[in-house]
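Working notes for the structure below.
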Protein chains: 2
Amino acid sequence: MTNWIRFRDAEGRIGFGTLDQHALRVLQYDGTLFDKPKPTNISFALEDVTLLAPCQPSKVIALWNNYHALSQKLDKAPPQHPLFLIKPPMSVIGPGEAIRRPKSYQGKIAYEGELGIVIGKTCSNATVDEAEAAIFGYTCVNDVTAIELLQEDPNFAQWCRSKGFDTFSCLGPSIATGFDWRRAHVVTTLEGVERQNYPLDDMIFTPAQQVSMISADMTLVPGDVIMCGTSIGVGSIKDGASVDVSIEGIGTLTNRLAA
Amino acid sequence: MTNWIRFRDAEGRIGFGTLDQHALRVLQYDGTLFDKPKPTNISFALEDVTLLAPCQPSKVIALWNNYHALSQKLDKAPPQHPLFLIKPPMSVIGPGEAIRRPKSYQGKIAYEGELGIVIGKTCSNATVDEAEAAIFGYTCVNDVTAIELLQEDPNFAQWCRSKGFDTFSCLGPSIATGFDWRRAHVVTTLEGVERQNYPLDDMIFTPAQQVSMISADMTLVPGDVIMCGTSIGVGSIKDGASVDVSIEGIGTLTNRLAA
């Protein structure tokens, strides 16, 4: 397993590379992450760089109702095709960045800890095998929602609006390649208290199925992110509170809702 | 009024510039469209270039229920805030490009003739006056929909999926600056037969109101497009049929659904 990160160094330069989780050192790479990047001889102590969102998606696709446990709790039938909304590129932030409350909104803001799929190859109408090969790796996600807007209009569920605000797509800290999602859990804590702990093998559509079926809906390109949906335990974040989303092998993504 | 276009010349180079609608000549500009472009001394006959989508949005925001006439016909209350979905960048095509039926879909495909707002300045939480100043110009839109997918799942309206397919956001032929939308109509013809003809001054949210309110939901950046929603007369396109969306002052956007 390799952990890829993007970072800003002390001089403000943006780079990317691999993270050695034990030595807490970053080895910088040259080129582009999705096209045979080459290691340099530059390395940093992790504490000397600022982590950024590990990729820059052209679009973020966020699933709803993709876990059996939540589907049963909501008493909604499992879907026949991934149900999704699109979140804009400007909604993305990285580890440690603040989630900002929209100026126009005073209601509840919800966290959703999730697995994120990072696309590595352009794909369209991919088979499940081709989809598997198009997955670069996996990251942690906090899919943030201004939950009171979702059903504000009785005629139109406002998924894109309630989830599309700047800073509402938290990604990171790394993209793990060679990650076995079947053995991992998503653990979400709010101010240090565990709120979600669910197994990824409870997914309705596996990552490769998601990529295959969604690639029939639109061309996916390197860096695009599919948020796999959340399971039970979603709740709201008080202003100033911090949310951690942890997946063993990927790391812990921490973001605070600005006070 | 100025009409800005993007084009590919006979040598395959991509450029942009202004179109003289009477002389049918294109004057090429240098720089970037949204930041003081400079005229060159290169010009082309319109027939010697291939028009492209006039801008390359980072996101396309498509409104639902934004005309009084359609809102009354559907018996839905006018919304309090623009109701929108997001279409991905890869959905965009230009004038003359083919709309492609998704391989996975055999159902009806609908046209929607609309006005498109093209953003010229980054804006966030803009007042209506600031929003007006952030509008670069206007284009014609065909907001294409795989209509039978929209309500396929009883629990989740699939707006992003049904409208997000590659080639489902037709834009062009030009971006008109100094365009008075209050005096214009959208006219949509299918195989040369008029199907929509509605006045833009029937909009529920004006363009500046849309930009202002949506900029409270997400940062808008130059080149982003807001599709203002459609009015009555939407219908489906047979394979091989051609749709024209015309707005006086902007031009006629023609796209055929590939046979």
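Just so you know, all these numbers are worked out from the coordinates, no wet-lab data involved. Because the structure is predicted, anything quoted here is derived from the model rather than measured. Here Cβ is always computed from backbone atoms with ideal geometry, including for glycine, and neighbour counts include all displayed protein chains.
Couple of notes before you dig in:
- The mean sequence separation of alpha-carbon pairs under 8 Å and at least six residues apart, normalised by the residue count of region A:53-256, gives a relative contact order of 34 percent.
- Pairs beyond 30 Å (Cα-Cα), from A:Lys121/A:Lys163; A:Lys38/B:Lys103; B:Lys59/B:Lys103; B:Lys36/B:Lys163; A:Lys38/B:Lys59; B:Lys87/B:Lys238: A:Lys38/B:Lys103; B:Lys36/B:Lys163; A:Lys38/B:Lys59
- Global form of region B:53-256, assessed from the alpha-carbon gyration tensor, a/c cut-off 1.5: rounded
- Inter-probe distance in nm under a simple model that places probes 7 Å from Cα toward Cβ, at B:Gln209 and A:Ala133: 5.3 nm
- Relative contact order, whole percent, for region A:107-225 stands at 37, derived from Cα pairs under 8 Å and 6 or more residues apart.
- Projecting label points 7 angstrom from Cα along Cα→Cβ for A:Lys36 and B:Gln80 puts them 5.7 nm apart.
- Take the convex hull of the alpha carbons in the protein assembly as shown; its mean projected area over all directions comes to 24.5 nm².
- Magnitude of the charge dipole, region B:53-256, Cβ model with Lys/Arg +1 and Asp/Glu -1, debye to 20: 460 debye
- Nearest to the axis that brings chain B onto chain A is this chain B residue, judged by its Cβ, with the distance in whole Å: B:Ile86, 2.
- Inter-copy spacing of A:Ala259 label points, which lie 7 Å from Cα along Cα→Cβ, given in nm from shortest upward: 6.9
- Fraction of antiparallel bridges per DSSP, the protein assembly as shown only, in percent to nearest 5: 90 percent
- Computed per residue of chain B from DSSP H runs no shorter than four, each worth -39500 (n - 2.57), the mean residue ellipticity at 222 nm is -2500 deg cm²/dmol.
- With bins 10 Å wide beginning at 0, the percent of Cα pairs of region B:2-51 falling in each bin runs 28, 60, 11.
- Working from Cα pairs under 8 Å separated by at least six residues, relative contact order for region B:169-255 is 43 percent.
- B:Arg25 versus A:Ser124: modelled label distance in nm, points set 7 Å from Cα along the beta carbon direction: 3.7 nm
- Stokes-Einstein D (µm²/s) once Rh is taken as the Kirkwood radius of region A:187-228 over alpha-carbon pairs, at 20 °C in 1.002 mPa s: 172 µm²/s
- Ranked packing of A:244-257, B:29-42, most packed first, by mean Cβ within 10 Å: A:244-257, B:29-42
- Sorted from nearest, the other copies put their B:Ser124 label points 3.4 nm away, the label point being 7 Å from Cα in the direction of Cβ.
- Label-point distances for A:Leu27 to the equivalent site in the other copies, using a point 7 angstrom along Cα→C-beta, read 5.7 nm when ranked shortest first.
- Region A:1-102 shape via C-alpha gyration tensor axes, a/c threshold 1.5: prolate
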